[in-house]
1. Quick one: which residue in Ala143, Ala93, Ala85 is under 30 Å from Lys10 (Cβ atoms), at pLDDT below 85, of a type outside the set (S, T, N, Q) and out of contact with any Pro (no Cβ under 6 Å at 6 or more places or on another chain)?
2. Any residue at all in region 50-69 that's closer than 30 Å to Arg178 by Cα, over 14 Å from the mean Cα position of the chain (by Cα) and in contact (Cβ under 8 Å) with a residue 40 or more places away in the chain?
3. Of the residues Ala61, Ala36, which is outside the structural domain of Val170 (by TED's automatic domain parsing) and at pLDDT 90 or above?
4. Quick one: in region 169-183, of everything that is more than 23 Å from Ala20 (Cβ to Cβ) and at pLDDT 80 or above, which residue is surrounded by the most Cβ atoms within 10 Å (Cβ to Cβ)?
5. Residue check, Ala43 against (1) surrounded by 15 or more Cβ atoms within 10 Å (Cβ to Cβ); (2) of a type in the set (Gly, Ala, Ser); (3) over 23 Å from the mean Cα position of the chain (by Cα), all met but one. Which one?
6. Looking at region 110-135, which of its residues are among the aliphatic types (A, V, I, L, M) and either crowded, with 17+ Cβ neighbours inside 10 Å or part of a loop (DSSP other than H, G, I, E, B) (or both)?
7. Closer than 28 Å to Asp4 by Cβ, among the aliphatic types (A, V, I, L, M) and touching a residue at least 24 places away in the same chain (Cβ under 8 Å), is that true of Leu92?
8. Inspect region 101-108 for any residue being at pLDDT 90 or above, assigned to a helix (DSSP H, G or I) and surrounded by fewer than 17 Cβ atoms within 10 Å (Cβ to Cβ) and give the result as yes or no.
Amino acid sequence: MAVDREQVLKEAAALLTRRATTSMDEIARAAGISRATLHRHFAGRDALIRALEERGIEQLAQAMDAARLEDGDAATALRRLVTEAEPVAGMLAFLFTENQLFEGEAVNAGWARLDGRINALFRRGQEEGDFRIDLSAAWLTEALYGLIGAGSWAVHEGRVARNDLNHSIVELLLGGIRRSMEK
């Protein structure tokens, strides 16, 4: 029986984003394969997490492409990004916490590319005079990741309605980063 690696990663992501302590046995069962088969494709939990991280980086890059970060003003582009990233919010929440486990150059390079694109969006908003300049673009990027992750967990736990998620993230972030015209 051929194993669909993408299907295994999809099942693993679905389980791990709901419960980060999901075992390899549970992931194998959900994917409809034996634990031994899972281990043939992913030598262990770390290898599986690395594969998920690579997949998450790819998915977030696709969301950024779909959001057209360079089009229009930065605040509107940020709104599009949050909307496009919603389908991978759970994965981002999981990876945001698991990211500390790995120091691999390829994975770090992938995150650096994503960070660079988001940093550029925030810098553009600062240069346009719309975003505060006393908060670094790097900090705003981390805040965005944190809000997306926290929002995903809040929806999962039933504390926030899914329909309110994007609005809540964008309005909280923009409310805090918008430059005040008052002196």
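1. Values: Ala143 fails: at pLDDT below 85; Ala85 fails: at pLDDT below 85.
From the options Ala143, Ala93, Ala85, the qualifying one is Ala93.
2. yes
3. Working: Ala61 fails: outside the structural domain of Val170 (by TED's automatic domain parsing).
Result of the check over Ala61, Ala36: Ala36.
4. Kept after step one, since they are more than 23 Å from Ala20 (Cβ to Cβ), are these residues of region 169-183: 170-183.
Checking which are at pLDDT 80 or above leaves us with 170-176.
On the way: Val170: 19, Glu171: 12, Leu172: 14, Leu173: 22, Leu174: 17, Gly175: 8, Gly176: 13.
Per the stated criteria, the residue is Leu173.
5. Only one criterion is unmet by Ala43, namely (1).
6. As a first pass, look at region 110-135 and keep what is among the aliphatic types (A, V, I, L, M): 112, 114, 118, 120-121, 133, 135.
Leu114, Ile118, Leu121, Ile133, Leu135 - these are the residues of region 110-135 that are among the aliphatic types (A, V, I, L, M) and either crowded, with 17+ Cβ neighbours inside 10 Å or part of a loop (DSSP other than H, G, I, E, B) (or both).
7. Details: closer than 28 Å to Asp4 by Cβ: yes; among the aliphatic types (A, V, I, L, M): yes; touching a residue at least 24 places away in the same chain (Cβ under 8 Å): yes.
So Leu92 fits the description; yes.
8. Narrowing region 101-108 to residues at pLDDT 90 or above: none.
No - not one qualifying residue is present in region 101-108.
The values are calculated or read from the model by the stated rules, or taken from the named source; none is laboratory data. Keep in mind the model is a prediction, meaning the values are calculated, not measured. Using ideal geometry, Cβ is built from the backbone for each residue, glycine included, and neighbour counts are taken over all protein chains shown.
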